1. Return one whole number: the accessible area per residue of the chain in Å², for a 1.4 Å probe.
2. Compute the Rg to Rh ratio over segment 163-300 from the alpha carbon atoms, using the Kirkwood formula for Rh, and round to two decimal places.
3. Provide the FRET efficiency to the nearest 0.05 for the TYR219-LYS126 pair, computing r from the beta carbons and using R0 = 45 Å.
4. Roll a 1.4 angstrom probe over the protein heavy atoms and tell me the percent of accessible area of the chain that is carbon or sulfur.
5. Using only the alpha-carbon atoms, what does segment 251-302 span along each of its principal axes? Please give whole angstrom values in decreasing order.
6. For segment 149-219, max minus min Cα coordinate along each principal axis, in Å, sorted largest first?
7. Starting from a Cα-only point model with no solvent, please compute log10 I(q)/I(0) by Debye for the chain at q = 0.11, 0.16 1/Å.
8. Between GLN47 and HIS198, how high is the FRET efficiency from 1/(1 + (r/R0)^6) when r is the Cβ-Cβ distance and R₀ = 45 Å? Nearest 0.05.
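The values are calculated or read from the model by the stated rules, or taken from the named source; none is laboratory data. Everything numeric here is computed off the predicted structure, so don't read it as measured data. Heads up, the Cβs are rebuilt from the backbone with ideal geometry, glycines too, and the neighbour counts pull from every protein chain shown. Ligands, DNA and RNA are excluded from the accessible area calculation, which covers all protein heavy atoms including side chains. Shrake-Rupley method; radii C 1.70, N 1.55, O 1.52, S 1.80 Å.
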Amino acid sequence: MLYAMIDIGSNTIRMAVYEIDGDRVEMQMKRKHTVGLASYVRDGILQKAGIDKVVEIIGEYRNFLNELDIHRVTAFTTAAIRNAINGVDAVREISYRTRTNINIMSGDDEATFDFIGATHDLIEDKGLLIDIGGGSTEIVYFVDRQIKVKVSLPIGSLAFHTRYSGGHVLPSASELEEMYAEAEATVSAVKEFKFVSHAQICGIGGTFKGAMALYNAMYGLPRKNMRMEVHRMQNILKRFLRDNELIVPDKILLMRTVPERMHTFMPGLVIADVLAKRFGSLSIIFSDSGVREGYIYSKILANEEF
């Protein structure tokens, strides 16, 4: 059967269509719109313009799915709407206007589905799973492929960009310092992981996907490389500061590797760098599977409802 997943995130709104045959799950296509929904939140309230944008994009996706007679659809939203004061009312309005049942996924569920999706084909049986989204960061510590600790932190790449970059695409050195200060304060306040050290990090989501593409291009590595050395993060962050006068090759590098995440990849890397140092991690492995796949494995294949 064909099954569609619509993921309303803080940075992007994505639709992916999967073919599910028994226990086999294979993505057949995906579409995304980079909306930056978190930037539509003012004083904790998701603005009407943001709601209208979500309605417009989901309407486009549903029209496409209806044309192909794909009626098995699951839609969910994460941090941007989940954390908004009017999140429940916003979801109710979007669901009514698009005739789509939209679920608000909790941070705990998001971390769980992230873990299931990312570790399904992962070799490592122990480590940390990290998903740096636009409005939140999910962390899961696992041993023998079993979750030991999971937490959702209220820091994200788009939220940092909106808060500190003053409308600029790239941050300045002083703005980067402010991001580091908040990230370090937030991470240090989390006591659940105090016993975790020297753990291998598996990174998922758009922040790590964009960073991996930029990393491979910068260091002349093949596109299939999925490992990033942590000690090189500072080099990347310093190279693309707004204070610097970027040379043409660097501008082209950004446009080719992170065209849609140019404004959020550095805030995301700040969070990644802080977490890597906190956990004494030497490298980060990127996995291209996450919350959507985890939902399918744990819910749809198990014939459970959200």
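1. Ligands and nucleic acids excluded, the result is 46 Å² per residue.
2. 0.98
3. 0.95
4. With neighbouring chains kept in place, the figure for the chain is 50 percent.
5. 46, 30, 15
6. Principal extents (Cα only, largest first): 38, 28, 18 Å.
7. -0.66, -1.41
8. Between GLN47 and HIS198 the formula returns 0.55.
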